[in-house]
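Below is one structure, written out as structure tokens, with a few remarks after it.
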Amino acid sequence: MRKALIVWGGWDGHQPREVAEIFRATLEKEQFEVEVSDTLEAFADADKLKALDLIVPVWTMGRIEQQLVNNVSQAVQSGVGLAGCHGGMCDAFRENVDWQFMTGGQWVAHPGNDGTEYTVNIRHSSSPLVEGIQDFAVKTEQYYLHVDPAVEVLATTRFPVAPGPHSLNKAVDMPVIWTKRWGVGRVYYNSLGHHADIMEIPVVTELMRRGFLWCADGKAAAQASDAGEAGVYTGMADNQL
């Protein structure tokens, strides 16, 4: 049985407990053994993390000890999957650039705030993660992110929709869903998920389910290919205030 760890907390406005429960139910339906924790100390045991198949952070606007980030980073580099959504993964620890490097991006704004209507445009490619899924409309926060150019973008949204200081720039297609590699581990991010009800939209639930499975399957794929760790990244000494 594959093992997953969900760690929730931080800003309550994103309903982290409720989102964590939705993710738990999704993973248990896929026959994962799921541990749910409401403390960052769940990242303290490096060997335990490396024994997992999947780590799911649901933690917005927190502060984290560097050693805990190192433990997660090294686990993912060794093949453990990392998957999450919205601010729970890419606005988790604003002061820690190692976390941002690993996850592939950082939230910087949501012009129009909650209740903005926009379209999520699926970018069809060779990825099975969006196969059969069509563009869809949502009414929620529209995330503007600073994004790692190395990610593989699976869905986008067009800015600007709501007015702001960015509006006089040219229109841009901002990534909504992406994947990337961190060492031999797989990383999946979906910027939707401001509240739990957004995660319960069937197409969003399905996108997250596929992301979880893809990330978790990466560990077995890495072991089967005998890829090993692609060199352990140890940070840059000035990575956190």
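The values are calculated or read from the model by the stated rules, or taken from the named source; none is laboratory data. Everything quoted here is computed from the prediction, not taken from an experiment. Here the Cβ is made from the backbone with ideal geometry for all residues, glycine too, and neighbour counts use every protein chain on show. Note: areas computed on protein heavy atoms with side chains; ligands, DNA, RNA excluded. Shrake-Rupley method; radii C 1.70, N 1.55, O 1.52, S 1.80 Å.
Looking only at the range 142-159, which residues are more than 23 Å from Val97 (Cβ to Cβ) and surrounded by 18 or more Cβ atoms within 10 Å (Cβ to Cβ)? Lay out the reasoning, then the answer.
First, the residues of the range 142-159 that are more than 23 Å from Val97 (Cβ to Cβ): 142, 154-159.
Residues satisfying the conditions are Gln142, Leu154, Ala155, Thr156, Thr157, Phe159.
Quick check on the range 165-192: of everything there that is in contact with a helix residue (DSSP H, G or I) (Cβ under 6 Å, 6 or more places away or on another chain) and hydrophobic (A, V, I, L, M, F, W, C), which residue is least open to solvent (accessible area, probe 1.4 Å)?
Checked the range 165-192; the qualifying residue least open to solvent (accessible area, probe 1.4 Å) is Leu192.
Please state which of the following conditions Gly79 fails to meet, knowing it meets all the rest: (1) assigned to a loop (DSSP other than H, G, I, E, B); (2) over 23 Å from Ile177 (Cα atoms); (3) not basic (Lys, Arg).
For Gly79, the exception is condition (2).
If Met199 passes every condition in (1) more than 28 Å from Ala222 (Cα to Cα); (2) of a type outside the set (Gly, Ala, Ser); (3) open to solvent by 30 Å² or more (accessible area, probe 1.4 Å); (4) touching a helix residue (DSSP H, G or I) at 6+ places or on another chain (Cβ under 6 Å) but one, which one does it miss?
Result: Met199 passes all but (3).
Taking the criterion of being in contact (Cβ under 8 Å) with a residue 40 or more places away in the chain, part of a loop (DSSP other than H, G, I, E, B), over 21 Å from Phe212 (Cβ atoms) and out of contact with any Leu (no Cβ under 8 Å at 6 or more places or on another chain), would at least one residue in the range 127-148 satisfy it? Quick ask: steps written out before the conclusion?
Looking only at the range 127-148, we keep the residues that are in contact (Cβ under 8 Å) with a residue 40 or more places away in the chain, and these are 127-130, 133, 136, 138, 140-141, 143, 145-148.
Now narrow it down to the ones that are part of a loop (DSSP other than H, G, I, E, B): 127, 133, 141, 143, 148.
If we keep only those that are over 21 Å from Phe212 (Cβ atoms) as well, we get 141.
Add one more test, that the residue is out of contact with any Leu (no Cβ under 8 Å at 6 or more places or on another chain), and what stays is 141.
Scanning the range 127-148 turns up at least one residue that is in contact (Cβ under 8 Å) with a residue 40 or more places away in the chain, part of a loop (DSSP other than H, G, I, E, B), over 21 Å from Phe212 (Cβ atoms) and out of contact with any Leu (no Cβ under 8 Å at 6 or more places or on another chain).
Restricting to the range 43-76, name every residue that is closer than 30 Å to Ala109 by Cβ, open to solvent by 20 Å² or more (accessible area, probe 1.4 Å) and in a helix (DSSP H, G or I).
Answer for the range 43-76, where residues must be closer than 30 Å to Ala109 by Cβ, open to solvent by 20 Å² or more (accessible area, probe 1.4 Å) and in a helix (DSSP H, G or I): Gln66, Asn70.
Within the group Val97, Val130, Val108, Val120, which residue is farther than 15 Å from Pro175 by Cα and not polar (S, T, N, Q)? Please lay out each step first, then the result.
Details: Val130 fails: farther than 15 Å from Pro175 by Cα; Val108 fails: farther than 15 Å from Pro175 by Cα; Val120 fails: farther than 15 Å from Pro175 by Cα.
None of the other options fit; the residue is Val97.
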